Each structure stands twice: as structure tokens, then as C-alpha cells.
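Below: the structure, in C-alpha cells.
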Amino acid sequence: MDLEVITVKTSRKTELVDITDEVIKRLPNEDGICVLYVPHTTAGIIINEGADPAVKRDILMVYDRLAPEGLDYEHLEGNSPGHVKSSLTGPSLVLIVEKGRPLLGTWQRIFFAEYDGPRTRKVYLKFVKG
Ligand code: ZN
């Protein structure tokens, strides 16, 4: 399958945006592997609980503690916390797909992680049949 690009418009400095439905609607009704890749240095992608929005807030709170604003960062652009959080999160996910559906646990959702928004972002999606 050709490369698909999901556009994500974020609205806050840091935010987890649920893109699960955007991913599912781009998958063919087949078995295979789906790779999601975020081509940004102050963003990332994670899978975690989507039922209770408090989980998203807790994750972002801990990331803020790990990479707070106001440290003696050397990078002059001013967004070092975003770069550090992006490194902690990672830029990609691999999903197992069966009949067009990713094999996620009951409470799992796919989140685009914004760490230096608001911005318009991209997630690359590549499906490999098999
Ligand atoms: Zn920077």
C-alpha cells in the first residue's frame, strides 16, 4: 500500500491527541503490519489508555516533571523540553493488523503526542500486507 499521511492539528503546547480512528480508516480490510512514524523532533506517538482522560493528563504531568521549562538548557530555540519529551516517547509504533483492525487491548488507544504546539503535524502510515 502507498504511504498515507495523517494530518494532526494540535491546539495546545503539550497535548495527547487520539488518532485511533484516523489510523483505522486508512487501513485496508486485510491482515498485515502497520508502521506509524512521526517525522518531528518535538512530538511523538504512544499507545495508552483512552477511557479515562485523567491518564493523559497524568502522563503529561510526569513528562513536565522530567523535562520542565526553565532549566539551564543550551539549545537556544527555547523548546528543549519538547525535544527531551520527544526522545522519551519515541517516533514510531508497529501495529499488528487483522482484517483491517489493529490488535489493541480493550482500553488502548493511539495518541499523537504534541510537545511544542500548537502546530500542524504529520503522522506517516505504511501498511505492509502479510
Ligand atoms: Zn528546537
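Quick note: the coordinates plus some simple rules give every number you see, no bench work behind them. Computed from a predicted structure; not experimentally measured. Because the Cβ atoms are built from the backbone with ideal geometry, glycine has one as well, and the counts that use them run over all protein chains shown.
Criterion applied to E114, E30 was being among the charged types (D, E, K, R) and away from the ligand (no atom under 15 Å from the Cβ), and the one residue passing it is E30.
Scan segment 88-117 for residues that are of a type in the set (G, A, S) and more than 23 Å from C34 (Cβ to Cβ) and the total you get is 1. Within segment 81-107, the set of residues being within 16 Å of the ligand (Cβ to nearest atom) and free of Cβ contacts under 8 Å to residues at least 12 places away in the same chain comprises S87 only. Between P39, P68, the distinction of being loosely packed, with under 13 Cβ neighbours inside 10 Å and within 12 Å of the chain's Cα centre (by Cα) belongs to P39 only. How many of the residues in segment 71-80 are under 20 Å from the mean Cα position of the chain (by Cα) and more than 8 Å from the ligand (Cβ to nearest atom)? So the count comes out to 0.
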